[in-house]
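The values are calculated or read from the model by the stated rules, or taken from the named source; none is laboratory data. Everything numeric in this text was worked out from a predicted model, so none of it was measured. For neighbour counting, all protein chains shown are included, and Cβ atoms are generated from backbone atoms with ideal geometry for every residue, glycine included.
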Amino acid sequence: MSAPIPPRPASSPHPVPPVRRVLINAGLLALFAAAMWFAWLGWDHTYYDVDGVAEGPYRAWQVIGCGLSIGSAAVLAYWRAPRALAIPVLAIAADGGFAVPWSIDASSGDETGLWVVGLVLLVLGGCVALGSVLSVTHLFRHPESSSTWILIGCAVLALLTTLVYAPVAVVPVVAGGLVFFFRWLPDRRRPGNRQAR
């Protein structure tokens with residue numbers, strides 16, 4: 001008679017260490033963001049005449065589609081590696097992955113050097129927007145986390161982006177509004193909450 005086989009220890013659903021998982025997701029997200037630049041924007045170099053003014057080379061639907069694709073992929077990457085560390089790492093990875101092909105394309109046809117200004121605005125705006133979206137995702141993924149710090153972060157990001165590039169400030173303002181109305185206020189109204197007094 002053979003000895004009974006000992007039960008296997010419960011294995012983690014994610015055998016990859018958490019920091020490595022964040023870095024793997026960041027690398028994949030950077031590659032995806034670069035691919036989205038090629039898929040949505042890289043093929044269009046035509047300027048369009050709209051009411052006597054040259055516009056382009058990108059149409060609004062291309063930019064919106066590209067932004068939604070990268071934003072959705074960033075949320076999915078965060079969902080697979082839900083750590084606070086993942087927020088800046090994934091935001092920088094996605095923005096860097098998009099910025100590299102964009103800057104190569106922009107620098108190839110610009111003799112003035114103004115593409116560098118566009119690159120700075122792209123990097124700042126992209127990091128702020130993705131950081132805000134991932135912060136809100138973190139708050140809903142981890143209900144025990146403090147909504148007050150996310151609100152403060154959204155306010156600081158909104159203020160900084162207003163100083164640098166005002167149109168991007170919409171993202172942290174909307175993210176802060178979502179956090180305020182759907183997490184911060186309900187937490188304060190909950191019976192027995194000491195902070196509500």
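All conditions in (1) over 30 Å from P143 (Cβ atoms); (2) part of a helix (DSSP H, G or I) hold for D49, with the sole exception of (2).
Give the residue, chosen from A86, A3, A10, that is aliphatic (A, V, I, L, M), closer than 20 Å to R141 by Cα and modelled with pLDDT under 95. Give the steps one after another, and end with the answer.
On the way: A3 fails: closer than 20 Å to R141 by Cα; A10 fails: closer than 20 Å to R141 by Cα.
Among A86, A3, A10, only A86 is aliphatic (A, V, I, L, M), closer than 20 Å to R141 by Cα and modelled with pLDDT under 95.
Within the stretch 112-126, if we keep just the residues that are surrounded by fewer than 16 Cβ atoms within 10 Å (Cβ to Cβ) and small (G, A, S), the residue that is nearest to the chain's Cα centre (by Cα) turns out to be G118.
G67 meets each of the listed conditions (1) in a helix (DSSP H, G or I); (2) over 12 Å from the mean Cα position of the chain (by Cα); (3) not aromatic (F, W, Y) apart from (2).
If the requirement is being under 27 Å from V173 (Cα atoms) and either among the hydroxyl-bearing types (S, T, Y) or surrounded by 15 or more Cβ atoms within 10 Å (Cβ to Cβ) (or both), which of these qualifies: S103, S132?
Details: S103 fails: under 27 Å from V173 (Cα atoms).
After applying the criteria, what remains is S132.
For the stretch 72-91, a residue qualifies if it is surrounded by fewer than 19 Cβ atoms within 10 Å (Cβ to Cβ) and in a helix (DSSP H, G or I), and the qualifying residues are S72, V75, L76, W79, R80, P88.
Cβ separations smaller than 7 Å between residues 6+ apart or across chains give the following pairs from the stretch 36-47 residues that are touching a residue at least 40 places away in the same chain (Cβ under 8 Å) and under 16 Å from G71 (Cα atoms) to residues that are of a type in the set (S, T, Y) and in a helix (DSSP H, G or I): M36/S69.
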